[in-house]
1. With respect to Ser120, determine if the residue is within 18 Å of Ser67 (Cβ to Cβ) and among the polar types (S, T, N, Q).
2. When you go through Ala33, Ala21 one by one, which is the residue that is modelled with pLDDT of 95 or more and either farther than 21 Å from Ile95 by Cβ or among the aromatic types (Phe, Trp, Tyr) (or both)?
3. Among the listed residues Leu113, Leu105, Leu99, which satisfies the condition of being farther than 23 Å from Asn26 by Cβ and open to solvent by 60 Å² or more (accessible area, probe 1.4 Å)?
4. Within segment 124-132, is even one residue without any contact (Cβ under 8 Å) to a residue 24 or more places away in the chain, open to solvent by 50 Å² or more (accessible area, probe 1.4 Å) and within 15 Å of the ligand (Cβ to nearest atom)?
5. Regarding Val47, is this residue assigned to a strand (DSSP E or B) and either within 15 Å of the ligand (Cβ to nearest atom) or open to solvent by 40 Å² or more (accessible area, probe 1.4 Å) (or both)?
6. Among all residue pairs at least 6 apart or on different chains, which show Cβ distances below 6 Å where the first residue, located in segment 150-167, is farther than 16 Å from Ala108 by Cβ and the second is hydroxyl-bearing (Ser, Thr, Tyr)?
7. For segment 66-114, give me the residue count where each residue is in contact (Cβ under 8 Å) with a residue 40 or more places away in the chain and either within 16 Å of Glu49 (Cβ to Cβ) or of a type in the set (D, E, K, R) (or both).
8. Hey, any hits in segment 3-26 for a residue that's within 10 Å of the ligand (Cβ to nearest atom), aromatic (Phe, Trp, Tyr) and open to solvent by 10 Å² or more (accessible area, probe 1.4 Å)?
Amino acid sequence: MNIRCETSSDYPKIAEVITAAFGQSNEAKLVEAIRDSENYIPQLSLVAEIDGNIVGHILFSYIHLISKEILPVLALAPVAISPQFQNQGIGTALIKYGLEKADELGEALVIVLGHPSFYSRFGFVQSTYYGIKSPFEVPAEAFMVKPLKNYEIKYTGEVVYSKAFNL
Ligand SMILES: CC(C)(COP(=O)(O)OP(=O)(O)OC[C@H]1O[C@@H](n2cnc3c(N)ncnc32)[C@H](O)[C@@H]1OP(=O)(O)O)[C@@H](O)C(=O)NCCC(=O)NCCS
């Protein structure tokens, strides 16, 4: 398996993988909307390929934390693996690789909404432990954060998702 940044020629195949993984096109549309926005980070839109075929994709993009100041943080969403390649460690590899890249880029914090049993293995913990509040009603344990090397105590407050997430 190889992990690399996406290129524009990958877009149709990525949309296919995401749509197959989620069984609907909303998440693929989210990725397209983020690509068209100032919150897109090309280095953090990654594909996993096997024998040259894209089998997985992950995207980290900018959202914000409203504290005393407005702080940029990352949303991990979506991550998708082609159904026939799920449960073979590819999602885990993409998430780990992406988190390392985010750290190298100097980002401070990653936010994810998902299953605690899955994301806790990467160091995500319930956001309320860090004084970080979800902008919508969700089970507290599903709204998680992972502080990176550049995390500082000032990263508290309420999360505001970018407009792309309203689609
Ligand atoms: C969730 C997903 C990204 C995981 O990637 P993967 O390559 O299948 O997973 P890995 O092989 O790396 O890891 C396997 C673990 O993920 C768990 N897992 C698989 N699908 C899951 C899901 N939809 N939600 C939570 N955990 C899931 C498995 O139970 C397994 O846990 P275990 O190690 O405790 O047994 C992938 O299954 C997928 O694309 N699912 C459909 C889309 C989706 O739900 N995306 C995530 C939104 S938060």
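1. no
2. Ala33
3. Only one candidate passes the filter, namely Leu105.
4. No, the conditions are met nowhere in segment 124-132.
5. Yes; evaluated as a whole, the condition is true for this residue.
6. Partner pairs satisfying both residue conditions: Ala164/Ser37.
7. Of the residues in that region, 14 qualify.
8. yes
The values are calculated or read from the model by the stated rules, or taken from the named source; none is laboratory data. All of these numbers come straight from a predicted model, not from anything done at the bench. A quick note on method: Cβ atoms are made from the backbone with ideal geometry, for glycine too, and the neighbour counts reach across all protein chains shown. We work out accessible area using only protein heavy atoms, side chains counted, and drop any ligands, DNA or RNA first. Shrake-Rupley method; radii C 1.70, N 1.55, O 1.52, S 1.80 Å.
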